[in-house]
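The values are calculated or read from the model by the stated rules, or taken from the named source; none is laboratory data. All values reported here derive from a predicted model rather than from experimental measurement. Cβ atoms come from the backbone with ideal geometry, glycine included; neighbour counts cover every protein chain shown. Calculation scope for accessible area: heavy atoms of the full protein, side chains included, ligands and nucleic acids excluded. Shrake-Rupley method; radii C 1.70, N 1.55, O 1.52, S 1.80 Å.
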Amino acid sequence: MKYLLSVLFILISLQISSQTDEEVLKNIYKQSLTNGKSYDWLNHLSNQIGSRLSGSLGAEKAVAYTKEELEKLGLDKVWLQLVMVPRWIRGAKEFAFIESTPGKTTTVNICALGGSVATPALGLKANVVEVKNFEELEKLGKEKIEGKIVFYNRPMQVDLIHTFEAYGGCVNQRYQGALEATKYGAVGVIVRSMNLRLDDLPHTGSMTYGDLPVDKRIPSAAISTNDAELLSTMLRLNNSIKFYFKQSCKQLADVQSYNVIGEITGSEFPNEYMVVGGHLDSWDLGDGSHDDGAGVVQSMDVLRLLKESGIQPKRSIRVVLFMNEENGLRGGRKYAEVAKQKGENHVFALESDSGGFSPRGFSFDCSDASFEQVLSWQPLFKPYLIHYFEKGGSGADVGPLKTDSNVLAGLRPDSQRYFDHHHASNDTFDAVNKRELELGAATMTALVYLFDKYGVNPISNEKQLKD
């Protein structure tokens with residue numbers, strides 16, 4: 001039986017080697033759209049396991065499940081890589097209201113930001129100061145801020161087509177807002193949710209206190225965009241109104257977790273590694289289907305699609321499901337640290353962490369020569385409406401792998417609806433379209449196939465072809 005399977009594999013490999021790149025890509029897309037596994041895997045991750053915040057039971061279950069599923073694919077190696085991760089818990093649901101006059105209140109929607117301390121047991125109530133940025137905060141100074149709650153209300157810039165650019169333009173108020181407000185004696189921070197639309201859903205996300213001692217840390221929460229508009233309007237009418245909020249979150253000691261890794265060993269260059277991955281952890285409000293369950297299952301399906309398509313990679317292809325991207329990046333750093341210790345040559349890494357929407361293309365962190373090579377492949381992707389090929393960032397988890405000679409890339413789906421769900425309770429399985437998810441998996445597989453076939457150094461490629 002083993003002999004027959006070996007003969008069959010050789011015949012399939014010979015058939016693949018005789019196909020044009022156009023034919024190989026067509027088969028990859030066909031396999032993904034007619035025989036994909038990504039949607040089924042995501043269904044289980046989202047609906048059977050749910051949220052996967054680092055250190056939680058959900059994260060632990062996700063590690064076990066994805067390892068088991070990778071083992072079923074018949075990869076050459078599957079293993080867990082130990083990572084110590086922070087454990088932050090939200091506690092009881094947060095509560096908040098605006099008090100316009102004593103006894104007259106309007107309830108609003110908030111959620112604690114990841115890493116925040118709790119309010120006092122009975123909650124926190126104080127007057128509010130609204131600012132758009134840290135410059136305004138500095139101008140007001142301690143005299144006008146001390147003893148008050150700072151309300152950061154800088155919206156994402158709606159006229160930017162690249163929504164991640166809009167996100168980058170205002171996320172510092174969420175991440176550093178409490179740290180900056182503490183300098184001027186603030187007692188708490190409320191931050192407008194990172195969301196392009198107006199709705200009632202607060203969006204969480206990580207924040208930092210830097211080196212502040214524990215007793216100097218102030219509670220920090222996100223408020224929904226609708227309620228941010230309401231609070232701003234009420235402040236314009238009456239700047240003496242008060243804000244009350246109560247949250248019971250807590251930071252516990254670090255706990256043990258894992259990156260999940262699977263590998264197809266390369267047939268010609270087994271010591272050249274190509275990585276495809278996403279982060280297994282998620283925030284706790286929804287089930288993390290877009291962020292980043294989609295990237296996890298797409299990355300898993302890349303290796304499955306290579307095998308199903310009869311492609312035997314020349315280089316070793318790894319899927320890495322990183323733990324703790326959301327509130328620490330411990331998984332990505334650990335993987336890069338171990339790779340460096342072992343002297344592993346990572347020539348290419350691709351991350352999917354921008355949602356499961358229709359793929360539009362990729363951004364590349366690479367040399368001009370490697371990017372010219374990528375541009376030469378554009379006609380291969382044109383039939384699949386993949387048109388975005390730009391130099392830029394890759395992904396948070398693969399970033400630590402960067403060298404002077406390798407190529408890092410990030411899948412870029414259509415991002416217009418992504419921040420409707422990002423870090424919010426509506427980041428759920430029903431928000432992911434099966435076909436769009438599968439198109440993303442196929443697009444990633446196609447890029448991995450091309451880089452494996454031609455390498456990342458065009459000069460070396462020409463030499464290989466001549467030899």
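So here's what we get for this one:
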| read-out | value |
| --- | --- |
| Given (1) closer than 24 Å to residue 258 by Cα; (2) under 22 Å from the mean Cα position of the chain (by Cα), index of the condition residue 407 fails | (1) |
| Verdict on residue 426 being over 30 Å from residue 114 (Cα atoms) and either in contact with a helix residue (DSSP H, G or I) (Cβ under 8 Å, 6 or more places away or on another chain) or modelled with pLDDT of 95 or more (or both) | no |
| Condition met for residue 398 (crowded, with 21+ Cβ neighbours inside 10 Å and more than 16 Å from the chain's Cα centre (by Cα)) | no |
| Unique match (being of a type in the set (Val, Ile, Thr), open to solvent by less than 20 Å² (accessible area, probe 1.4 Å) and in contact with a strand residue (DSSP E or B) (Cβ under 9 Å, 6 or more places away or on another chain)) among 163, 204, 107 | 204 |
| Selection status of residue 112, over 15 Å from residue 204 (Cα atoms) and aliphatic (A, V, I, L, M) | no |
| Tally of residues being farther than 20 Å from residue 92 by Cβ and not polar (S, T, N, Q) across region 206-240 | 16 |
| Filter result for residue 357 (modelled with pLDDT of 95 or more, part of a loop (DSSP other than H, G, I, E, B), hydrophobic (A, V, I, L, M, F, W, C) and surrounded by fewer than 24 Cβ atoms within 10 Å (Cβ to Cβ)) | yes |
| Residue pairs meeting the criteria (Cβ under 6 Å; at least 6 apart or on separate chains; first in a helix (DSSP H, G or I), in region 17-39; second open to solvent by 50 Å² or more (accessible area, probe 1.4 Å)) | 31/308; 39/434 |
| From the options 83, 78, 63, residue that is open to solvent by less than 20 Å² (accessible area, probe 1.4 Å), under 27 Å from residue 448 (Cβ atoms) and in contact with a Gly (Cβ under 9 Å, 6 or more places away or on another chain) | 83 |
| Residue match in region 173-185 (condition: under 24 Å from the mean Cα position of the chain (by Cα), over 18 Å from residue 114 (Cα atoms) and hydroxyl-bearing (Ser, Thr, Tyr)) | no |
| Output for region 389-413, where each listed residue is of a type outside the set (Gly, Ala, Ser) and either in contact with a His (Cβ under 8 Å, 6 or more places away or on another chain) or in a loop (DSSP other than H, G, I, E, B) (or both) | 397, 398, 401, 402, 403, 404, 406 |
| The one condition in (1) of a type outside the set (Ser, Thr, Tyr); (2) assigned to a helix (DSSP H, G or I); (3) closer than 16 Å to residue 315 by Cβ; (4) modelled with pLDDT of 95 or more that residue 383 fails to fulfil | (3) |
| Options 158, 189; residue that is of a type in the set (Val, Ile, Thr), surrounded by 14 or more Cβ atoms within 10 Å (Cβ to Cβ) and under 23 Å from residue 109 (Cβ atoms) | 189 |
| Complete set of residues in region 415-438 that are touching a Ser or Thr at 6+ places or on another chain (Cβ under 8 Å), open to solvent by less than 50 Å² (accessible area, probe 1.4 Å), part of a loop (DSSP other than H, G, I, E, B) and farther than 24 Å from residue 331 by Cα | 415, 432 |
| Candidate set from region 86-103 (those that are of a type in the set (A, V, I, L, M, F, W, C) and open to solvent by 20 Å² or more (accessible area, probe 1.4 Å)); member that is nearest to the chain's Cα centre (by Cα) | 89 |
| Residue match in region 361-371 (condition: in contact with a strand residue (DSSP E or B) (Cβ under 9 Å, 6 or more places away or on another chain), farther than 30 Å from residue 208 by Cβ, in a helix (DSSP H, G or I) and open to solvent by less than 20 Å² (accessible area, probe 1.4 Å)) | yes |
